[in-house]
Amino acid sequence: MGLVMGCLLLGLAIGLSGRLSHRAHSAIGRLNLVCLFVMLTALGAKLGATPGIQERLGQLGLRAVILAVAAIGGGVGLTVALQWILQAVKGRKRTSADLPPMGD
């Protein structure tokens with residue numbers, strides 16, 4: 001875990017230094033995408049090789065949906081709450097009427 005945190009902090013320091021060119025920034029974005037696909041492929045292969053996983057896919061899928069909905073709902077709820085708090089600190093209180101309509 002220490003290695004992961006060290007790499008993350010090193011990357012953060014490099015990014016904040018302002019020494020990355022636009023070309024390097026674009027290349028890092030593409031590298032991130034490639035690494036994400038490799039990781040997802042490896043995860044899928046490991047999951048597929050797990051004995052008995054096919055019988056439990058429905059149960060795992062339901063849990064994944066519940067977790068995803070809870071994560072999205074929590075993120076949206078915290079964002080709205082933080083926005084209200086920051087507006088209150090600035091002196092302008094927001095009401096629910098100030099929020100954009102849902103689904104637009």
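The values are calculated or read from the model by the stated rules, or taken from the named source; none is laboratory data. Computed from a predicted model, the values in this text were never measured in an experiment. As a convention, Cβ positions derive from the backbone with ideal geometry for all residues, glycine included, and neighbour counts pool all protein chains shown. Accessible surface is based on the protein model in full, side chains and every heavy atom, while ligands, DNA and RNA are left aside. Shrake-Rupley method; radii C 1.70, N 1.55, O 1.52, S 1.80 Å.
Six or more apart or on different chains, Cβ atoms under 9 Å: show the pairs whose first residue is in the range 21-49 and under 22 Å from Gly61 (Cα atoms) and whose second is open to solvent by less than 70 Å² (accessible area, probe 1.4 Å).
Listed pairs, sorted by first residue: Leu47/Ile53; Leu47/Leu60.
Per-residue answers, yes or no, for (1) more than 20 Å from the chain's Cα centre (by Cα); (2) surrounded by 10 or more Cβ atoms within 10 Å (Cβ to Cβ); (3) modelled with pLDDT under 90:
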{"site": "Gly2", "(1), (2), (3)": "yes, no, no"}
{"site": "Met5", "(1), (2), (3)": "no, no, no"}
{"site": "Arg19", "(1), (2), (3)": "yes, no, yes"}
{"site": "Ala24", "(1), (2), (3)": "yes, yes, no"}
{"site": "Ala27", "(1), (2), (3)": "yes, yes, no"}
{"site": "Cys35", "(1), (2), (3)": "no, yes, no"}
{"site": "Leu40", "(1), (2), (3)": "no, yes, no"}
{"site": "Lys46", "(1), (2), (3)": "yes, yes, no"}
{"site": "Ile53", "(1), (2), (3)": "yes, yes, yes"}
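Does any residue in the range 71-88 that is closer than 17 Å to Pro100 by Cα come within less than 8 Å, Cβ to Cβ, of a residue that is surrounded by 11 or more Cβ atoms within 10 Å (Cβ to Cβ) and not β-branched (Val, Ile, Thr) six or more places away or on a different chain, and which pairs are these?
What qualifies is Val80/Leu99; Gln83/Arg94; Trp84/Arg94; Gln87/Arg94.
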